[in-house]
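Since the structure comes first, as structure tokens, the remarks are kept for the end.
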Amino acid sequence: MKLVIDESRCKGCNLCVLVCPYGIFREGTELNSRGIVAPVLDRPERCTNCRLQALYGRMLCGVCHMICPDQAISWVEEKPFEPHRVEVEF
Amino acid sequence: MRHEIRFSGYGGQGIILSAVILGRAAALYDNKYAVQTQVYGPEARGGASMGQVVIDDEPILYPEVARPDIYVIMSQQGFEKYGARAGEDAVMLIDADLVRSRPGCRCYEIPATSEAKGALGREIVANIVMIGALVTATGVVSREAIERAVLDSVPKGTEELNLKALKRGFELGERA
Amino acid sequence: MSRTEFMQGNAACAEGALAAGCRFFGGYPITPSTEIAETMARRLPKAGGVFISMEDEIASIAAVIGAAWTGARAMTATSGPGFSLMMENIGYAAMTETPCVIVNIQRGGPSTGQPTRAAQGDMLQCRFGSHGDYSTIAITPNSVQEMFDLTVKAFDLADRFRVPTFLMSDEIVGHMRERVTIPDAVDIQRPRPLAEGSLPFAAGEDKIPGFAPFGSGRAVHVTGLTHDERGYPDTTDPEAHDKLVRRLVAKVESARRDIADYEIVNPGAETVFVTYGPPSRTVEQVMRDHPDDSIGHLRLRIVWPFPEFALKEFPNAKVFLMPELNMGQVVREVQRHVDQPVVSIPKIGGELHTPAELVRVLEAHR
Amino acid sequence: MIAPDWFRGDRLPHIYCTGCGNGTIINCTLAAVEEMGWKRDETVFVSGIGCSSRAPGYILTDSLHTTHGRALAFATGVKMARPEFNVVVFTGDGDLAAIGGNHFIHACRRNVDMTVVCMNNHIYGMTGGQGSPTTPPGAISSTTPYGASEPAFDLAELAVAAGANYVARWTSYHVKELTKAITVGMQTPGLAFIEARTQCPTNYGRHNKLRTVPAMIEHLRSHAILVAKRDRLVAEGEPIPEGAFTVGELVRRNQPAMGVRR
């Protein structure tokens, strides 16, 4: 699974930056074609949902997806499936 | 022949029901036309209540009562408010025990309330006695029609009492 | 088979609604319409319908519109003060093309006025009362039998044209009792369903979109905002608004020959009464009492959309006389369609014009 | 995860301002709908007028966007006429508590079986930030330039008093709790009222020293106290922190309800 931000919907409020427990979202710096500074992803493979959703068969965490007022955050299947290298942080 | 009949009394005597029963008798059982109207509003509750019926052999166009030719008056206040200005050629049936005044027109005194209280044992059927008297005194509808209309309109279990009251009214009206 | 009853106008209206398949009534008590709500409260639950006494008239018409969108035939009944309260949502029903029936048993106004007396003072309000431009249908019965028959008709017109349809009766007809014949069944015409592949607010030649009530699986978005054929708000484009509002007006106005319901007596007459509702009965009385071919009568059973072509059916008319139970409302519509003098005969206070009053006016204008 | 087929994709992005919490509350409501397993053609969203009330326009079901304040009355008609429908009402503080106040208390009294989600942002957002019945005393708005001087309504307590079977309050920060509360509300027969306090950065925050979206979210988070904590403070005679509001389930009961699926 891969975390994606739909830049055609994102309005740049950065609520995802505020709530992600893993610090995956960072405030962006560049204006996109719609005149919005969308957040950028920092090592999204750390997202627990990306890694473990298939294993648990349900959404894990998902707070960014729920709080995103603009329905811009979702996960997409990656094909072909490639297991991510996991960095465990303490 | 157009007849305009006005009923008045006090609230609780069944004045409006009397008008509805008469209209029903004419419209459903005598093959005539009838329009029934009444006074609504707060003044009709405590004070004088009034209901009217227009009966005609032809369809009734103008539906309001302009100049009643028949009155049925069951209270002094009803007389003062709705009966005192009756035309000379009108006919008035008065509950003799409840109305002190008398009109300038032809007047039949019907002791409906005392009959209802006394011989019939239920004051509540005084209006039916009055209707009976009205029918035989004026012939505005037939006896058969009014009997059926009364039976349609009274609560279940009171049919016999009401028919008795109606018959007593017929007698009083014939004598008047 | 049918049954004959001696019944009040308001009760006959409720019977008409039940016969037409009305299965939802939302209302609020108000004199002189209350007997309609009372009859519906008694009868609807036994007919598998819903009666609900709402917290006010605004809520009543709102609930009726909500129920109508589930596909139920729905109705409310009120009188002047409640009708005024309903105005905003009546505009909503017009904008969203919601078929529903609103009965107004008119009483004397303005304000609380004469609760127990008759008037026809809401005839312009029912045409123009809500803000913005729209067109609706207003029906004016003059007898208890018509309270039944025309209530049935109101539902059919509401469904066919997808407009709020008014039964503009009054205290006289609402409260009087007369003989009424109630058929066992009446023919009813429901709205044309939304065709497969059609957009929910796209209309063909008749300018009336097909109807997809909630639950049809069409995911219809209904909004009072200016919307496109998909039903989506489009509130700033002048063309979108122009197209929608012109269609809403035209779907009724262009069908007015089809909708029209009137009676003509003595088309060769020179003096012509134009009436609707109970004053028509006084005119009929005058014409029976004074038979005269030079007196004509145009009696409207449907006032809005106004059938101006009916006035042309009196080619010899020299004057039109219009008795109304108001200070002269629909008379303005007559005036703008004819060249002859039009005399308003207003009467307010709650009583019907007497035959003698109309005879006096008749003599003054011949 | 909310399935994308609940959204009218052709209508997104929606009209809400950057950082507005209304979109979050739509997400939570749709997540609850998914949890319930409701079918799209048996679910009707109803709303009045205001920012909150645009929500049904983005959801791919039958939806009724009505007049200001009257959503509950329209919804009552829908639900009473077709009890098999699942009816959800989106409303806002001005829509529900000001112009629609009477419909609100009567819908609660009737306990009509539907779910009412109120996006309470303490302001009339769509008309540009005027004081509403839930604007806190002292708050600046375009019609309270010297600070709101009227006491504010507690919408959830009002719904409890008026008879709703289920009442809860959360915020747009508490996405999981809010989703859970809406789900429980949907499961409870009768009227479920869920007040979702939310941020209006454009018209409220800007004038009330909450300039950024994170500042508004932090304000919601830090002023929310659980019902149980409030009760404990009261029992211990401790003061309730100033500006605090309760979150959690305020009532869940089983009083007679109307329009329950037959």
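The values are calculated or read from the model by the stated rules, or taken from the named source; none is laboratory data. Note that the coordinates shown come from a computational prediction; the quantities given were computed from them, not determined experimentally. We place every Cβ from the backbone using ideal geometry, glycine too, and count neighbours over all the protein chains shown.
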I'm checking my understanding of the structure. Among residues of segment C:212-260 that are part of a strand (DSSP E or B) and free of Cβ contacts under 8 Å to residues at least 40 places away in the same chain, which one is nearest to the other protein chains (Cβ to nearest Cβ)? C:His221
Take D:Ala164 and tell me if it is at pLDDT 95 or above, within 25 Å of D:Leu226 (Cβ to Cβ) and crowded, with 19+ Cβ neighbours inside 10 Å. yes
Would you be able to say whether some residue in segment C:134-148 is over 14 Å from the mean Cα position of the chain (by Cα), more than 28 Å from B:Pro63 (Cα to Cα) and surrounded by fewer than 24 Cβ atoms within 10 Å (Cβ to Cβ)? yes
Please work out which one of (1) more than 14 Å from every other protein chain (Cβ to nearest Cβ); (2) assigned to a loop (DSSP other than H, G, I, E, B) is the condition A:Asp70 fails and give its number. (1)
Please give the number of the condition D:His68 fails out of (1) touching a Leu at 6+ places or on another chain (Cβ under 6 Å); (2) surrounded by fewer than 24 Cβ atoms within 10 Å (Cβ to Cβ). (1)
Residue hits (segment A:30-72; among the small types (Gly, Ala, Ser) and within 11 Å of the chain's Cα centre (by Cα)) are A:Gly62, A:Ala72
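Pick from segment B:6-20 the residues that are assigned to a helix (DSSP H, G or I) and in contact with a Phe, Trp or Tyr (Cβ under 9 Å, 6 or more places away or on another chain): which of them is farthest from the other protein chains (Cβ to nearest Cβ)?
Among those residues, the one meeting the criterion is B:Ile15.
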Taking C:Phe51 as the residue in question, decide whether it is buried (at least 24 other Cβ atoms within 10 Å of the Cβ) and in contact (Cβ under 8 Å) with a residue 12 or more places away in the chain. no
Number of positions in segment D:7-16 that are crowded, with 17+ Cβ neighbours inside 10 Å, in a loop (DSSP other than H, G, I, E, B) and facing chain A (nearest Cβ under 10 Å): 3
Give segment C:286-300 a look and list any residue that's within 14 Å of chain B (Cβ to nearest Cβ) and over 18 Å from C:Tyr262 (Cα atoms), or say none. C:Val286, C:Arg288, C:Asp289, C:His290, C:Pro291
Let me spell it out: the conditions are (1) farther than 21 Å from C:Trp69 by Cα; (2) within 9 Å of chain C (Cβ to nearest Cβ); (3) small (Gly, Ala, Ser), and D:Gly129 meets all of them except one. Which number is the exception? (2)
What pairs come out if I take residues in segment C:342-366 that are in a loop (DSSP other than H, G, I, E, B) and of a type in the set (Val, Ile, Thr) and pair them with residues that are at pLDDT below 95 and exposed (fewer than 13 other Cβ atoms within 10 Å of the Cβ) whose C-beta lies under 8 Å away, six or more apart or interchain? C:Thr354/B:Ala66
Answer from D:Pro4, D:Pro56 - the residue that is surrounded by 24 or more Cβ atoms within 10 Å (Cβ to Cβ) and either at the interface with another protein chain (Cβ under 9 Å from one of its Cβ atoms) or β-branched (Val, Ile, Thr) (or both): D:Pro56
Selection over segment C:192-226 where residues are over 16 Å from C:Leu248 (Cα atoms) and within 22 Å of the chain's Cα centre (by Cα) yields a count of 1
Matching residues, segment C:45-65, being of a type outside the set (Lys, Arg), more than 22 Å from the chain's Cα centre (by Cα) and more than 7 Å from chain D (Cβ to nearest Cβ): C:Pro45, C:Ala47, C:Gly48, C:Gly49, C:Ser53
Residues of segment B:62-112 being among the hydrophobic types (A, V, I, L, M, F, W, C) and either over 20 Å from B:Glu123 (Cβ atoms) or assigned to a helix (DSSP H, G or I) (or both), in sequence order, are B:Val65, B:Ala66, B:Ile70, B:Phe79, B:Ala84, B:Ala86, B:Ala90, B:Val91, B:Met92, B:Cys105, B:Cys107, B:Ala112
Scan segment D:59-89 for residues that are more than 7 Å from chain C (Cβ to nearest Cβ) and under 19 Å from D:Gly185 (Cβ atoms) and jot them down. D:Ile59, D:Ala71, D:Leu72, D:Lys79, D:Pro83, D:Glu84, D:Asn86, D:Val87, D:Val88, D:Val89
